[in-house]
1. Hey, what angle do you get for helix 18-27 against the long axis of the chain, alpha-carbon based, 0 to 90 degrees rounded to 10?
2. Listed highest first by mean packing, meaning other Cβ atoms within 10 Å per residue, what order do 15-24, 108-117, 69-78 come in?
3. Counting only helical runs of four or more DSSP H residues, what would the 222 nm mean residue ellipticity of the chain come to if each run contributes -39,500 (n - 2.57) and the total is spread over all its residues?
4. Hey, of [x] 0.96; [y] 0.99; [z] 1.13, which did the structure itself give for Rg/Rh (Cα atoms, Kirkwood Rh) when calculated?
5. With everything on Cα atoms, drop me the angle between helix 87-118 and the longest principal axis of the chain, reported from 0 to 90° to the nearest 10.
6. Say R0 is 35 Å: what FRET efficiency, to the nearest 0.05, do residue 18 and residue 85 get from their beta-carbon distance?
7. Hey, with R₀ at 22 Å, roughly what FRET efficiency would residue 41 and residue 73 work out to, going by the Cβ-Cβ distance, to 0.05?
């Protein structure tokens, strides 16, 4: 009997190989499946492209292509290891988080500009 069977431990899915990652990026045409950022539009955009496990590795997500999507780093971080019923639910969550962060950012920038103008 294996140690994992004795301890009730199940290893996470292994990380993707470079080749597996490139296949997903190519399949999705280097576009973030959450926010739509085009990784081919500029070198800077290409630097933030990652592959996301829709069902996270930490939650026993597999390396099957149906569980993998291209994601920009910000969307991947916002989604984190949360589990959703579907990709569409995950996408809605990520877009809502982005919108809330943008609102907070806009408010902070506006306050900063007002403060700078009054000094």
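No lab work stands behind these numbers, since they all come straight from the coordinates. Because the structure is predicted, anything quoted here is derived from the model rather than measured. Cβ: placed from backbone, ideal geometry, glycine included. Neighbour counts: every protein chain shown.
1. The helix 18-27 is inclined about 60 degrees to the chain.
2. Ranked by mean Cβ neighbours within 10 Å, highest first: 69-78, 15-24, 108-117.
3. -15500 deg cm²/dmol
4. Label of the calculated value: [z].
5. Roughly 30 degrees, rounded to the nearest 10.
6. Given R0 = 35 Å and the Cβ-Cβ separation, E is 0.70.
7. On the way: r = 15 Å, r/R0 = 0.70.
After rounding, the FRET efficiency stands at 0.90.
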